[in-house]
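Asks: Have a look at this one.
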Amino acid sequence: MNTNNDLIIEGLLKEYSNDEIQNFELLHNLIPLKNESSKYKSFVYMDIKNWLNLYLSSIKNKKYSYDNIIYEKIIEKIELVSLEEQIKLLKYFIRLLKKDFFIDEVDLYENLKNKLEIEKAKNANFIRYTIKKSTQNITNVLITLLLSLLVISILWCILESKYFHIISVETINFVQCNLVNYPLNLLNMLFNQADLKIDTTFELIFFILIKLYFFILITYFVIKEIGKKVESI
């Protein structure tokens with residue numbers, strides 16, 4: 001049985017035409033109505049997608065009263081759908097912005113997309129959230145690399161101390177302070193091609209895992225950035 005809301009929607013649907021401005025107005029009115037309808041709610045995502053396209057088209061061609069993209073209007077529509085669909089809509093909208101040369105607007109929506117992706121990862125899996133957060137941008141990657149360097153250096157120092165003495169790898173005395181010397185040795189190990197004097201299987205595994213960790217972290221960030229560029233084409 002149709003509700004009054006469904007009858008209004010069906011009436012508005014009959015008004016679709018080839019006029020972009022009229023369709024833009026129709027979608028603007030239909031989207032909130034469909035969002036409240038169990039019968040039409042599943043169409044909201046596609047309607048918002050079409051609305052975003054018409055919205056940019058109207059601004060680009062100056063067919064409507066808007067001269068600038070209004071952030072609040074975009075958010076008002078996007079927030080009607082699930083988190084995953086919000087991310088998809090933002091990816092689509094960013095592609096439209098780049099295609100139509102609204103370059104100055106891109107960063108604002110890229111940042112929002114990244115924020116929602118981190119929120120999604122946080123809700124789904126803590127490890128995935130940590131990876132997303134640590135590779136969100138170049139600043140986060142650098143902080144992660146520095147913290148990792150410090151933590152691994154401390155671990156190396158502890159394992160080589162007289163209390164454990166699990167590792168006994170010859171280090172270079174760059175400075176007298178161990179807190180600085182171990183990170184410097186670690187950097188030397190990562191970037192110097194000279195072989196370490198490793199005596200045990202544990203030492204071999206330990207340093208292989210360190211190199212692998214830094215390689216994966218940096219490679220993941222680079223691939224992610226390349227992916228963003230490909231998406232924008």
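Read the figures in this text as sums done on the coordinates, not as results from a lab. This structure is a prediction, so every number in the text was calculated from the model and none was measured. Positions of Cβ are backbone-derived with ideal geometry, glycine not excepted, and every protein chain shown enters the neighbour counts.
Asks: Restricting attention to the stretch 1-109, which trypsin sites (Lys or Arg not before Pro) occupy a DSSP loop and are surrounded by at most 15 other Cβ atoms within 10 Å?
Replies: Values: sites: Lys14, Lys34, Lys39, Lys41, Lys49, Lys60, Lys62, Lys63, Lys73, Lys77, Lys88, Lys91, Arg95, Lys98, Lys99; in loops: Lys14, Lys39, Lys62, Lys63.
Answer in residue order: Lys14, Lys39, Lys62, Lys63.
Asks: Also, quick follow-up: Calculate the FRET efficiency for Leu190 and Val106 from the Cβ-Cβ distance with a Förster distance of 35 Å, rounded to the nearest 0.05.
Replies: Here the calculated transfer efficiency is 0.50.
Asks: Contour minus end-to-end for Leu12 and Asn140, with contour as 0.36 nm per residue of separation and end-to-end as the Cα-Cα distance? Kindly include the intermediate steps, with their values, before the conclusion.
Replies: Details: separation 128, 0.36 × 128 = 46.08 nm, distance 4.82 nm.
Extending this stretch completely gives an extra 41.3 nm.
Asks: Something else: Using alpha-carbon positions, what is the distance between the centroids of the stretch 124-198 and the stretch 1-37, in Å?
Replies: Cα centroid to Cα centroid, the span is 59 Å.
Asks: Quick one: divide the alpha-carbon radius of gyration of the stretch 4-131 by 2.2 N^0.38 Å and tell me what you get.
Replies: Details: Rg = 16.1 Å, N = 128, 2.2 N^0.38 = 13.9 Å.
That ratio works out to 1.15.
Asks: Can you compute the charge dipole magnitude of the stretch 11-90 about its Cα centre, using +1 on each Lys and Arg Cβ and -1 on each Asp and Glu Cβ, nothing else charged? Give it in debye, rounded to the nearest 20.
Replies: Dipole of the stretch 11-90, to the nearest 20 debye: 180 debye.
Asks: Report the GluC sites (Glu not before Pro) located in the stretch 1-52 that are in a DSSP loop and have at most 16 other Cβ atoms inside 10 Å of their Cβ, or state none.
Replies: Here the GluC sites (Glu not before Pro) that fit, given the DSSP loop and packing criteria, are Glu15, Glu36.
Asks: Given springs between every Cα pair under 10 Å in a Gaussian network model of the chain, which of Thr201, Thr171, Thr135 has the largest fluctuation?
Replies: Its mean-square fluctuation being the largest, the pick is Thr201.
Asks: Find the relative contact order for the stretch 72-193 and round it to a whole percent, using C-alpha pairs within less than 8 Å whose residues are 6+ positions apart. Walk me through the numbers before you get to the answer.
Replies: Values: 70 pairs, mean separation 15.7, N = 122.
Reported relative contact order: 13 percent.
Asks: Fewest to most neighbouring Cβ within 10 Å: what's the order for Ile172, Ile131? Kindly include the intermediate steps, with their values, before the conclusion.
Replies: Details: Ile172 11, Ile131 18.
Sorted ascending by nearby Cβ count, the order is Ile172, Ile131.
Asks: Can you give the charge dipole size of the chain about its Cα centre, rounded to the nearest 20 debye, using +1 on the beta carbon of Lys and Arg and -1 on the beta carbon of Asp and Glu? Provide the component values of the computation, followed by the final result.
Replies: Working: 28 positive and 28 negative charges, 51 e Å.
Using Cβ point charges on Lys, Arg, Asp and Glu, the chain gives about 240 debye.
Asks: Right, another one. So which of Lys133/Lys162; Lys14/Lys113; Lys39/Lys98; Lys39/Lys133; Lys34/Lys133; Lys14/Lys91 end up more than 32 Å apart by C-alpha? Before the final figure, lay out the partial values.
Replies: Values: Lys133/Lys162 37 Å; Lys14/Lys113 35 Å; Lys39/Lys98 35 Å; Lys39/Lys133 38 Å; Lys34/Lys133 35 Å; Lys14/Lys91 30 Å.
In this structure, Lys133/Lys162; Lys14/Lys113; Lys39/Lys98; Lys39/Lys133; Lys34/Lys133 exceed 32 Å between Cα atoms.
Asks: Stretch Lys99-Ile154 to full length: gain in nm at 0.36 nm per residue minus the Cα-Cα span? Intermediate results must be reported in sequence, preceding the final value.
Replies: On the way: separation 55, 0.36 × 55 = 19.80 nm, distance 4.87 nm.
Length difference between fully extended and current span is 14.9 nm.
Asks: So what's the net charge close to Asn29: Lys and Arg +1, Asp and Glu -1, counting the other residues with Cβ under 11 Å from its Cβ? Kindly include the intermediate steps, with their values, before the conclusion.
Replies: Numbers: positive: Lys34; negative: Glu15, Glu25, Asp47.
The answer is -2.
Asks: Most fluctuating residue of Asn114, Asn35, Asn173 in a GNM of the chain with Cα springs under 10 Å: which is it?
Replies: Per the Cα network of the chain with a 10 Å cutoff, Asn173 tops the list.
Asks: Then there is this: Out of Leu27, Ile75, Ser134, whose Cα points farthest toward the positive end of the dipole of the stretch 6-149 (charges: +1 Lys, Arg; -1 Asp, Glu; placed on Cβ)?
Replies: Looking along the dipole axis, the top candidate is Ser134.
Asks: Quick one: what are the phi-derived ³J(HN,Hα) couplings along the stretch 210-215, Karplus 6.51/-1.76/1.60 with θ = phi - 60°, whole Hz, x for glycine and proline?
Replies: So the Karplus estimates, Gly and Pro as x, are 4, 4, 4, 4, 5, 5 Hz.
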